[in-house]
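Data block below; observations after.
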Amino acid sequence: MRNRIYLLCCLLFPLLAACDDYLKDDSDDLLIPSSVNDYLPVLLGEGYPDGLATNLEQVLLMTDDVEMGPLYYDDAMLSRVNVGVDGNSEGEHAYTWGTISEDIWEDVYANILGCNVVIEALPTMTYADSEYDLYCKLAAQAYTLRAYHYFVLVNLYAKPWSEANLDELGVVMRVSPDITSEAQPRATLGEIYALINEDLERAEVYFQDARKQYMKWEISPAAFYFLKSRVALFQEDWDGVIESSQSFIELGEHDITDLNGLDLTTCGILRSVNSGGYWINDSDASEVVFCFAKSWLSYQYFAGVNTSYSNFTIGYHPSWTGANALLNQYEAGDLRRDVYFGKMFYEDSYDLMYAFQAMPMKGQEEREAWRSPEVYLNMAEAYARRDGVCQEAIDLLNELRIKKMTQESYVAKTIGDFDSVEELVDFIWEERRRELCFEEAMRFWDLRRQGMPEITHMVYWTDGTSQSYVLEAGSPNYLLQIPAAETDYNSAIKNNDRDIIVGQ
């Protein structure tokens, strides 16, 4: 109990420091939080994934959506680059699918700890009669967030969900706020998904009586159904995907943003690191459900423009080389190519235009966001996987595409466009890649559940040399290594196997 009180005091310290009411007049001891209003700042400050975006940036490099190579594509650019300078070469280890940021594991478990503090306090938490809806809102958000955090962990550190993998190692299951140094083994994949599903079930019950006011920066009923749809998809629960997606759509709160209504002259343009341009993840966008992980230092490994406003000769950028490259997946008239990627950068103090190297323009301060197009794609895949080439799946695709293509180029898809369910599912997966690129670790997560295909990456140096790195299909490197911060003290934990990948 002493450890738990100490933890609560640490979590609440910023609030306690500002509120004299938390200090006894005749003692230096801190009062133990008890009311719903005491626990609100715990969840807001510790339960939400504010650091996730920065932690996942290296995971982006591991996918086929990113490549390394020359960062100039015409003579005018070449005249302004720093010839012989490599951009962000410290990210090379991701191209060996080696050690990725250890902060992911630690930070996500810190978020889980914040959720656990609130969840364990629920049975004894006090509130006025008029605050019952606030209590239910807090409980629903805590359970939804914990489910999300375990979803992130299990899709980075464990094998993809399948009936055959349910008894494989998942991650450590921590559901108590008690701090302990006792060794704890990894729960199975099936046990972790059971916890995720149970948390979502509890959240749904609480949301029925929860307060109705929500901001884009907090978990709402729409965000809950969004996550439930995603979790069901990754478990191949097609009925569950359709049911939760339909509940999301019936709320009528997050229509897909029609890119035809945008002024394209504002898209792909930045006037400085902190302002300007249009971002699809902006909290004002109709399709944005939930914003989190604020960070304007987005995509720090992309070297088209760095914080000293220097153009590099070689660096990382969204893949544009070869038929399978991300930027070559957008057909003529697809507005996402103009809206989701940068074109030019204008820096005030230098009064110069720099090529922005197709840097992702998904979110600035709203670095990450859940957006309604994902729900439509989840539902389309569920219908296709359950019912084959069907009109329901086609209609959902068309609802998305008509708002992402120019009116002149848009042509509705029909059942006759697909000869098999495999062809339809492949097209849906391609749409996921086009729509959801550079959001969370979605491409990496999708590659895992889509069979863990082979990926080849090239690393180039300004002396003209290069090396290729190959991730074999089904490689254990599709699972991240559990960091030393966990394995050094937790003797019961077994780490993931690792292939040593060297350049050729």
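The values are calculated or read from the model by the stated rules, or taken from the named source; none is laboratory data. None of these values were measured; they are calculated from a predicted model. Neighbour counts are summed over all protein chains in view; Cβ atoms, including those assigned to glycine, are modelled from backbone coordinates with ideal geometry. We work out accessible area using only protein heavy atoms, side chains counted, and drop any ligands, DNA or RNA first. Shrake-Rupley method; radii C 1.70, N 1.55, O 1.52, S 1.80 Å.
Things worth noting here:
- Single unsatisfied condition, Ser409 versus (1) under 26 Å from Asn477 (Cα atoms); (2) surrounded by fewer than 18 Cβ atoms within 10 Å (Cβ to Cβ): (1)
- Count of region 173-192 residues which are buried (at least 21 other Cβ atoms within 10 Å of the Cβ) and either of a type in the set (S, T, N, Q) or under 25 Å from Ala293 (Cβ atoms) (or both): 2
- Matching entry among Leu61, Leu16 (being open to solvent by less than 20 Å² (accessible area, probe 1.4 Å), in contact with a strand residue (DSSP E or B) (Cβ under 8 Å, 6 or more places away or on another chain) and at pLDDT 85 or above): Leu61
- Flag if Ser468 is open to solvent by less than 40 Å² (accessible area, probe 1.4 Å) and either closer than 18 Å to Ser101 by Cβ or of a type in the set (Gly, Ala, Ser) (or both): yes
- Members of region 205-247 found to be closer than 22 Å to Ala285 by Cβ and either outside any helix (DSSP H, G or I) or of a type in the set (Phe, Trp, Tyr) (or both), listed by number: Lys212, Gln213, Tyr214, Met215, Lys216, Trp217, Glu218, Ile219, Ser220, Phe224, Tyr225, Phe226
- Annotation: of all residues in region 319-362 being modelled with pLDDT under 90 and of a type in the set (Lys, Arg), the one that is surrounded by the most Cβ atoms within 10 Å (Cβ to Cβ) is Lys362.
- Condition broken by Glu198, with the remaining ones in (1) in contact (Cβ under 8 Å) with a residue 24 or more places away in the chain; (2) open to solvent by 60 Å² or more (accessible area, probe 1.4 Å); (3) in a helix (DSSP H, G or I) satisfied: (1)
- The single condition from (1) assigned to a loop (DSSP other than H, G, I, E, B); (2) open to solvent by 40 Å² or more (accessible area, probe 1.4 Å); (3) touching a strand residue (DSSP E or B) at 6+ places or on another chain (Cβ under 8 Å); (4) closer than 22 Å to Asn155 by Cα that Gln481 fails is (3).
- Boolean, Arg174 is under 18 Å from Asn116 (Cα atoms), more than 21 Å from the chain's Cα centre (by Cα) and charged (D, E, K, R): yes
- When Glu131, Glu168, Glu163 are checked against the criterion of being at pLDDT 95 or above and touching a Lys or Arg at 6+ places or on another chain (Cβ under 6 Å), Glu168 stands alone in meeting it.
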